[in-house]
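Read the structure below first, then the notes.
The values are calculated or read from the model by the stated rules, or taken from the named source; none is laboratory data. Just so it is clear, the structure is predicted and the values come from calculations on it, not from any experiment. All Cβ positions, glycine included, derive from the backbone under ideal geometry; neighbour counts span all protein chains shown.
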Amino acid sequence: MTDPVTTPGPAEQPKIDTSVPHSARIWNYWLGGKDNYPVDEAAGDAYTAVFPGIVTIARGSRAFLRRTITYLVSEAGVRQFLDVGTGLPTAQNTHEVAQRIAPEARIVYVDNDPMVLSHARALLYSTREGATSYIDADVTDPDRILAAAAQTLDFGRPVALVLSNILGHVADHDQARSIVTRLMSALPSGSHLCVNDGSLGIDPVFEQAQDAYNKSGAVPYILRTVEEITGFFDGLELVAPGVVPVTHWRPEPGSPAPDAVAEHGGLARKP
């Protein structure tokens, strides 16, 4: 039941294009990671030169993921996670947070970036009681994702679907909604959806920096309005405080009041 998709052999290893910046590697750079190339650092620096606040957004997004996973395990009792568009491993990955609280938790990561694939062994580390696997698949192919995830997850029990900063890479909004609908349709009552993405109409400087990034030759990332992000949760029961800036979603008690950022997220339960 824990048989992950096999990592390609040397003859079939996908090539990592180091001539074009990649969002996962740039995000890794902003988070202080080392899994990036000079082209990614240059793109990241160009972005922060226009909008330094992107580093705060990146860190706020990671903290949001940690808090939502903690809630799902500790309060909602979820023990299975499907993390689509996981990106490069850093600290506080989904499996680390979940299995620290519940060692029996089972996690499936999904991504199609060659560099992420090269780090699959790091992602596959798991507690003895639980399981962690990696699927090489694209977010636009939900049927493939579900078929492969079923090797590790039991779709007869609640699953948390995590879509963190990935739906912005699906340019067509209707297609993005249909992907969410298809994935959630395979999950039983009691499952949860966690979504966070960059938000439009909040900070014009952020939008200027994102427009420049999208024209750089990198894979574009589309900002969406808060209403559009909220729409991903249609038919589900939003967990308080609803869809809010990621820094405002259940901040740790006693921490300084966080600033709002131009990235919104939320968590909802499937009835």
>> Of all residues being β-branched (Val, Ile, Thr) and at pLDDT 95 or above in the stretch 133-148, which is farthest from Val159 (Cα to Cα)? Just the residue, please.
In response: Thr140
>> Show the residue pairs meeting these rules: Cβ distance below 6 Å; 6+ apart or different chains; first residue within the stretch 65-78 and farther than 11 Å from Val239 by Cβ; second residue among the polar types (S, T, N, Q) and crowded, with 22+ Cβ neighbours inside 10 Å.
In response: Leu65/Ser164; Ile69/Thr94
> Which residues, counting only those in the stretch 149-178, are of a type in the set (D, E, K, R) and more than 19 Å from Tyr109 (Cα to Cα)?
Replying inline: Asp172, Asp174, Arg177
>> Show the residue pairs meeting these rules: Cβ distance below 7 Å; 6+ apart or different chains; first residue within the stretch 104-127 and of a type in the set (Gly, Ala, Ser); second residue part of a helix (DSSP H, G or I) and surrounded by 16 or more Cβ atoms within 10 Å (Cβ to Cβ).
In response: Ala105/Val73; Ala105/Ala98; Ala105/Gln99; Ser126/His95; Ser126/Gln99
> Taking the stated definitions as given, is Asp45 free of Cβ contacts under 8 Å to residues at least 24 places away in the same chain and within 18 Å of Asp211 (Cβ to Cβ)?
Replying inline: yes
> When you scan the stretch 66-123, how many residues do you find that are among the acidic types (Asp, Glu) and within 17 Å of Arg157 (Cα to Cα)?
Replying inline: 3
> Can you name the residue in the stretch 113-136 that is assigned to a loop (DSSP other than H, G, I, E, B) and in contact with a strand residue (DSSP E or B) (Cβ under 6 Å, 6 or more places away or on another chain) and is also nearest to Arg25 (Cα to Cα) among such residues?
Replying inline: Leu124
> Which condition does Leu88 not pass, out of (1) crowded, with 24+ Cβ neighbours inside 10 Å; (2) outside any loop (DSSP other than H, G, I, E, B); (3) of a type outside the set (Gly, Ala, Ser), if it passes all the others?
Replying inline: (2)
> Could we say that Arg250 is in contact with a helix residue (DSSP H, G or I) (Cβ under 6 Å, 6 or more places away or on another chain) and either farther than 26 Å from Pro188 by Cβ or not acidic (Asp, Glu) (or both) here?
Replying inline: yes
> Does the stretch 210-217 contain at least one residue that is under 20 Å from the mean Cα position of the chain (by Cα), in a helix (DSSP H, G or I), among the aromatic types (Phe, Trp, Tyr) and surrounded by 15 or more Cβ atoms within 10 Å (Cβ to Cβ)?
Replying inline: yes
> Among the candidates Gly156, Gly130, Gly190, which residue alone is touching a Gly at 6+ places or on another chain (Cβ under 9 Å) and small (Gly, Ala, Ser)?
Replying inline: Gly190
>> Given the criteria out of contact with any Ser or Thr (no Cβ under 6 Å at 6 or more places or on another chain) and in a helix (DSSP H, G or I), does Val55 qualify?
In response: yes
>> I'd like the full set of residues that are in a helix (DSSP H, G or I) and among the basic types (Lys, Arg), limited to the stretch 59-81.
In response: Arg59, Arg62, Arg66, Arg67
> Phe233: assigned to a loop (DSSP other than H, G, I, E, B) and either of a type outside the set (Lys, Arg) or within 16 Å of the chain's Cα centre (by Cα) (or both), yes or no?
Replying inline: yes
> What are the residue pairs meeting all of these: first residue in the stretch 235-247, first residue touching a residue at least 24 places away in the same chain (Cβ under 8 Å) and among the charged types (D, E, K, R), second residue outside any helix (DSSP H, G or I) and surrounded by 14 or more Cβ atoms within 10 Å (Cβ to Cβ), Cβ atoms under 7 Å, and 6 or more apart or on different chains?
Replying inline: Glu237/Ala268; Glu237/Arg269
> Any idea how many residues of the stretch 170-200 are over 30 Å from Arg157 (Cβ atoms) and surrounded by 13 or more Cβ atoms within 10 Å (Cβ to Cβ)?
Replying inline: 4
> surrounded by 22 or more Cβ atoms within 10 Å (Cβ to Cβ) and modelled with pLDDT under 95 - does that describe any residue in the stretch 114-122?
Replying inline: yes
